[in-house]
Amino acid sequence: MMKTVQSFAGLLTAMLCLFTINLSAQDGPPVGPTTTIEFEEAVYDFGEVEEGVRVTQVYTFTNTGDQPLICSNARGSCGCTVPQWPREPIAPGETASITVEFNTKNKLGKRNQKVTLTGNTDPPQTFIYLTGQVARADGDESEITVGSN
C-alpha cells in the first residue's frame, strides 16, 4: 500500500513539473527562427463611455520579418480585457488582426488596459493598449472608484 502511494505521489509530481514547464514555455523566449511585427495602431483611445459598455477594437498588424509569424498567446491585463488572436501562422508580409473586448462593468475612472501578445518575434512580447474614461451610468448614484483593473 505504501509503495502504491509513493508511486502515485511520484507520478503526480512528474505531471505537475511537465505542466509547469509547458505553461512557462508559452511566454518565454521563442524557440527557432524569429520575425518582427508591426501594428498599424498599438494604442486605441475609446474616449469616454458609460459603465457597462463593452468596448471592442480590432488591431491590425503585419509580419514585417522574413519568417512565418506564430502568435502563441495573448493575455489581457485583467479578466475584463479579452483578446482573440490568430492561431494560424502569418506569412512574411501578410497582415492579420487581434480583436480585443473590454467589459467596463465595475471599471469606473481612467483606464489603460494592456494586452500582451507573445510570439516568435524579437522581442518575444508586444503590447497593445485600450485607453479612455469610464463614467458612471446615468441614474447610478453609487460612489466612483478608480482602479487599474
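Distances longer than 18 Å among the Cα atoms of region 62-135: what percent of all pairs is that?
42
Roughly speaking, what is the stretch gain from F39 to T60, that is 0.36 nm per residue apart minus the C-alpha to C-alpha distance, in nm to one decimal?
On the way: separation 21, 0.36 × 21 = 7.56 nm, distance 0.59 nm.
Gain on stretching F39 to T60: 7.0 nm.
Considering amide H positions built from the backbone, and no H for Pro or chain starts, which residues 5 or more places from V43, or on another chain, come under 5 Å of its amide H?
The answer is Y129.
Coordinate-derived values only; no laboratory data. Keep in mind it's a predicted model, so treat the numbers as computed, not measured.
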